[in-house]
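First up is the structure itself, then whatever we jot down about it.
The values are calculated or read from the model by the stated rules, or taken from the named source; none is laboratory data. As the structure is a prediction and not an experimental result, all values here were calculated from the model. Cβ placement follows ideal geometry from the backbone for every residue including glycine, while neighbour counts extend to all protein chains displayed. Note: accessible area is taken over every heavy atom of the protein model, side chains too, but ligands, DNA and RNA are not part of it. Shrake-Rupley method; radii C 1.70, N 1.55, O 1.52, S 1.80 Å.
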Amino acid sequence: MDMRIDIKSLDFEELNNLVLELGEKSFRAKQIYEWLHVKLVRSFEEMSNLSKALRDKLEEKCYLTALKPVEILTSKVDGTKKYLFELQDGNIIESVLMRYHHGNSVCISTQVGCRMGCKFCASTLDGLERNLLPSEMLDEIYTIQRDIGERVSNIVLMGSGEPLDNYDNVMKFLKLISDDYGLNISQRNITLSTCGLVPKIYELADSQVQITLAISLHASNDETRKELMPVAKAYKIEQILKACKYYFDKTGRRLTFEYSLVSGINDTIEGATNLGELLKGINCHVNLIPVNPIKERDFKQSEKEAIEKFKNKLEKYGINVTIRREMGRDINGACGQLRKSYNETKKTKEGES
Ligand code: SAH
């Protein structure tokens, strides 16, 4: 294991301390920070305004994370790009670039795998491998920004992993990515999606971030929710909504509720009525996601008509509802499916050789 310091995960103050320890002046820290977080270099050699001696010292004390793209799929329909990246330890993660009129949005992974066990999700089928470092989450954005040569303006933490299960690293990532002296992506353009780890929602609310919180609700009663999401055994919907109200009071940010519609399980009109009753009065937005079936389970997408009825019912409660537009339909794969099929093919190939 590399015992050196992960330099890209240091905030400016930490980097400054390191530079002073190395017997250098503070302005060097500014230069290094800019190389790392604005110019997005991937080696110390590229830091051309530093002396060779300092670059060598940095190399000896620190290491630089980098992602190796192993596959990039581009949609012919809407330009969506799915990236499969290899981390330095050989693990694979996926990130997605979506191109909207209002800018480029990147969906990042926060863990390798996931331990939450949601039944419809491919990311969690093999459990959690490890947490991603702040630097590795930054690399997802940095590598994509370099690849397209355009600015990334929005981020969603909705790829593989449960962000609040990797809380400290995610908080550090948020600090660095929204830093004035880094890429300076506004926290208001960042959305964090969680399956609902209640104590962490309170912690997030108290941390004074300005990000949008999205809750994966997927059911309007605890029994149905338990069938889809094991985390529902730990926290009741009522507790989650209380935490959401606290988040709104603290941040003033409107909440998003995600609801993946699974035919015959959570897409009934009674379900929509319950949901309307639960959410009325909360400043929120509901995002309906027709479930993306994975081959390991036999969940089916709701019929178009059921989705429309569900939406209309919610709207009667004055709730703002959208149906998620499927991006990159021709290169589709549900959360974590791309990585899973890549790993499976690799295993088969290794078995053959
Ligand atoms: N762990 C976080 C973020 C992960 S996924 C969370 O639970 O919110 C982002 C969203 O996609 C979540 O709402 C998740 O429940 C949903 N999702 C995962 N797999 C899906 C699938 N096959 N079809 C539809 N939605 C899915």
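Couple of notes before you dig in:
- Accessible surface of the chain, 1.4 Å probe, proportion on carbon and sulfur as whole %: 48 percent
- Set of lysines near LYS311 by C-alpha distance (under 16 Å), chain-local residues within fewer than 8 positions excluded: LYS280
- Between the stretch 34-51 and the stretch 65-119, the alpha-carbon center distance in angstrom: 24 Å
- Packing-based order for 307-314, 54-61, using average beta carbon neighbours within 10 Å, highest first: 307-314, 54-61
- Gained length - ASN343 relative to HIS101, 0.36 nm times residue gap less alpha-carbon distance: 83.7 nm
- Set of aspartates and glutamates with alpha-carbon distance to LYS76 below 18 Å, sequence-local pairs under 8 removed: ASP147, GLU326, ASP330
- A straight Cα-to-Cα reach below 22 Å connects LYS347 with the lysines LYS68, LYS82, LYS295, residues fewer than 8 places away in its own chain not being considered.
- Against the chain, whose longest principal axis is taken from its Cα atoms, helix 52-61 shows a tilt of about 50°.
- Solvent-accessible area per residue, Å², over the stretch 68-350 with all protein chains present [probe radius 1.4 Å]: 44 Å²
- Exceeding the 25 Å Cα-Cα cut-off - candidates LYS226/LYS346; LYS25/LYS61; LYS245/LYS316; LYS119/LYS304: LYS226/LYS346
- Ordering of 317-324, 288-295 by burial proxy (mean other Cβ atoms within 10 Å per residue, highest first): 288-295, 317-324
- Based on every Cα atom in the stretch 5-63, Rg and the maximum pairwise Cα distance Dmax equal 10.0, 25 Å.
- Per residue, the stretch 5-63 exposes 52 Å² of solvent-accessible protein surface, assessed with a 1.4 angstrom probe and all protein chains in place.
- Reciprocal of mean inverse Cα separation for the chain (Kirkwood radius, Å): 21.5 Å
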